[in-house]
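The block underneath contains the structure these notes are about, expressed in structure tokens.
The values are calculated or read from the model by the stated rules, or taken from the named source; none is laboratory data. Since this is a predicted model, take the numbers as computed values, not measurements. Glycine gets a Cβ as well: all are built from the backbone with ideal geometry, and neighbour counts include every protein chain shown.
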Amino acid sequence: MNRRQFLSTAGLAAAPLRFARPAARYDLIIQGGRVMDPSRKLDAMRDVAIADGKIAAIHASIPAAGADVIDAHGKLVVPGLIDIHTHVARAKGGAEQCLADGVTGLIDAGSQGADRISETIAVAKAAPQPCRVLINIGRAGILPEGDTMDLKRADVAAAKDAISRNRDMIAGVKARLSRDVAGPNDYEVLRRAQEVASSFNIPVMIHMGQTVSPLSKLFPILKKGDIVTHMFAPPPNSIIDESGHILPEVMAARKRGVIFDLGNGRTGHLRWDMADRILKAGFLPDTFSTDWTPEGRASGVIDFPNVMSKFLMLGMPLEHVIACATVNASRAFPVFHGKGTLKTGAPADIAILELREGSFDFDDNYKNQRTGRQRLFPSATVLGGKRVGARG
């Protein structure tokens, strides 16, 4: 062996060994879906990998490498839905039913007041997904004769005491202001709700529509982070005037950070012609919510994807519809901060939905029916990185 051959052989021996990098190990991979994440302006065919309960990677193709796999071909993969206005405490298993619909975060919005708030809190604590409670300023909660028709029920001291004892679970105050709930007490009820909420730096959610007082009187005492639900309620005292203009007090409220929410519900809240006029005026909702009840699940509301589909029928882009149910809603309450997104490192809360084409009937709250050509259906749900069920 000559000198050149020796040096060449020695060089090969000294070269560092190179090994192929092992494939990353994931717990669950959602394959082949149309991933829509408005928080990242992402709308593309992607695989989503999950490890240790968090989003680990999103790529065009991710090898399964022994991971559990959900086949999402032909479906939408979106952040878990967040419903900021429900009454799941009114039904045994309500939170679980919503979870099967893709709802990975919930607010029970005022089912009970100070007298029985512990019952709603118990339901919220037992829910499989994060769930918090809004305390009704009416200490007896929702009443057929009106929560605060007797003003003495709007008990500031009782509400403050209940929140002090349950601050980890009570996320805000609910003030229902319709004429059959508060009557002429609506302004004072809202003022008292703000007195309670301001003491704990939490929001007030108002149930508007058909109030005795005009919104021009009520809205100026709403603060940043407060929520107006049932924003499409018809007159008297809707958010739009007869000439088609959004009230200046409504515009001012949005400008200072008040959130405007759908609150579908069953009675008195959503009417198609009002939705047409308000959307035409360019005043789109910030968030969607169902105002879920067992009765609503049977008709009118059905489930959160069905409520979202109503606004596809009304002409809202799919991306905006998804945003109203995910990233926008995540900003309303601290418990949901960091959710409503599929960014790497975020909690792996995911809704898999099927967007079907066809002919679908949708109801408002006034027995008016319209037909749309698309409807979202729940297909599967992932909560904290685990597949948790689906509804057929």
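Tabulated data for the structure shown
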{"quantity": "Single unsatisfied condition, Ala325 versus (1) over 19 Å from Asp43 (Cα atoms); (2) in the same structural domain as Gln129 (by TED's automatic domain parsing); (3) touching a Phe, Trp or Tyr at 6+ places or on another chain (Cβ under 7 Å)", "calculated": "(1)"}
{"quantity": "Criterion violated by Lys217 - all others in (1) surrounded by fewer than 14 Cβ atoms within 10 Å (Cβ to Cβ); (2) of a type outside the set (Asp, Glu); (3) under 18 Å from Val204 (Cα atoms) satisfied", "calculated": "(1)"}
{"quantity": "Within the range 73-124, tally of residues that are within 30 Å of Ala154 (Cα to Cα) and in a strand (DSSP E or B)", "calculated": "14"}
{"quantity": "Which listed residue is out of contact with any Cys (no Cβ under 8 Å at 6 or more places or on another chain), surrounded by 17 or more Cβ atoms within 10 Å (Cβ to Cβ) and within 27 Å of Ala298 (Cβ to Cβ), from Thr267, Thr229", "calculated": "Thr229"}
{"quantity": "Residue ranges of strands (runs of 3 or more DSSP E) in the range 321-392 with at least 2 members in contact with a strand residue (DSSP E or B) (Cβ under 8 Å, 6 or more places away or on another chain) and hydroxyl-bearing (Ser, Thr, Tyr)", "calculated": "369-383"}
{"quantity": "Filtered residues of the range 271-315 (kept if more than 15 Å from the chain's Cα centre (by Cα), of a type in the set (A, V, I, L, M), at negative phi and at pLDDT 95 or above)", "calculated": "Met274, Ala275, Ile278, Leu279, Ala281, Leu284, Leu312, Met313, Leu314"}
{"quantity": "Test: residue in the range 81-104 that is free of Cβ contacts under 8 Å to residues at least 24 places away in the same chain and surrounded by fewer than 18 Cβ atoms within 10 Å (Cβ to Cβ)", "calculated": "yes"}
{"quantity": "All positions within the range 109-135 that are more than 21 Å from Gly338 (Cβ to Cβ) and in contact with a helix residue (DSSP H, G or I) (Cβ under 8 Å, 6 or more places away or on another chain)", "calculated": "Ser111, Gln112, Gly113, Ala114, Asp115, Ile117, Glu119, Thr120, Val123, Ala126, Ile135"}
{"quantity": "Single match in Ile302, Ile259, Ile239 (criterion: surrounded by 18 or more Cβ atoms within 10 Å (Cβ to Cβ), among the hydrophobic types (A, V, I, L, M, F, W, C) and farther than 16 Å from Ala325 by Cβ)", "calculated": "Ile239"}
{"quantity": "Close pairs from the range 121-136: first at positive phi, partner surrounded by 21 or more Cβ atoms within 10 Å (Cβ to Cβ) and among the hydroxyl-bearing types (Ser, Thr, Tyr), Cβ under 6 Å, at least 6 apart", "calculated": "none"}
{"quantity": "Test: residue in the range 350-358 that is surrounded by fewer than 17 Cβ atoms within 10 Å (Cβ to Cβ) and at pLDDT below 95", "calculated": "no"}
{"quantity": "Flag if Gln194 is surrounded by fewer than 24 Cβ atoms within 10 Å (Cβ to Cβ), out of contact with any helix residue (DSSP H, G or I) (no Cβ under 9 Å at 6 or more places or on another chain) and not charged (D, E, K, R)", "calculated": "no"}
